[in-house]
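The structure under discussion appears below in the form of structure tokens.
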Amino acid sequence: QVQLVESGGGLMQAGGSLRLSCAASGITFSASTMGWYRQAPGKQRELVADISSGGRTNYADSVKGRFTISRDNAKDTVYLQMNSLKPDDTAVYYCNARRWYNIYWGQGTQVTVSS
């Protein structure tokens, strides 16, 4: 049974920082590409950042220079460090794991940034 459990969301003022974590189980974590997506009210879900099994990272233009994705294969956990938060970052953030044709999602964690 695959589980992706996100944590670390919450309410933060603009300019602040949050760190999201996603603990995975039931997958071969080290061989999986891990990602963070977000969905704001009334908008489509979008990629925030992902990291390949080899550690190559990819970021949405809107978060480059502010967010950092990382992974700890020993803990089967992926992180998203979010700095210089903006109100536009307000969304539900979802953890994603994919390998071959298998794609899995977490339940999501709310991030709210006040101005």
Using a Gaussian network model of the chain with C-alpha springs under 10 Å, which one of V78, V63, V48 is most mobile by mean-square fluctuation?
V63
Aspartates and glutamates whose Cα lies under 17 Å from that of K64, excluding same-chain neighbours fewer than 8 positions away:
E46, D50, D88, D89
Whole-percent carbon and sulfur share, accessible surface of the chain, 1.4 Å:
45 percent
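The values are calculated or read from the model by the stated rules, or taken from the named source; none is laboratory data. Small disclaimer: the values here were computed from a predicted structure and weren't measured. The area values use the complete protein model at the heavy-atom level, side chains included, leaving out ligands, DNA and RNA. Shrake-Rupley method; radii C 1.70, N 1.55, O 1.52, S 1.80 Å.
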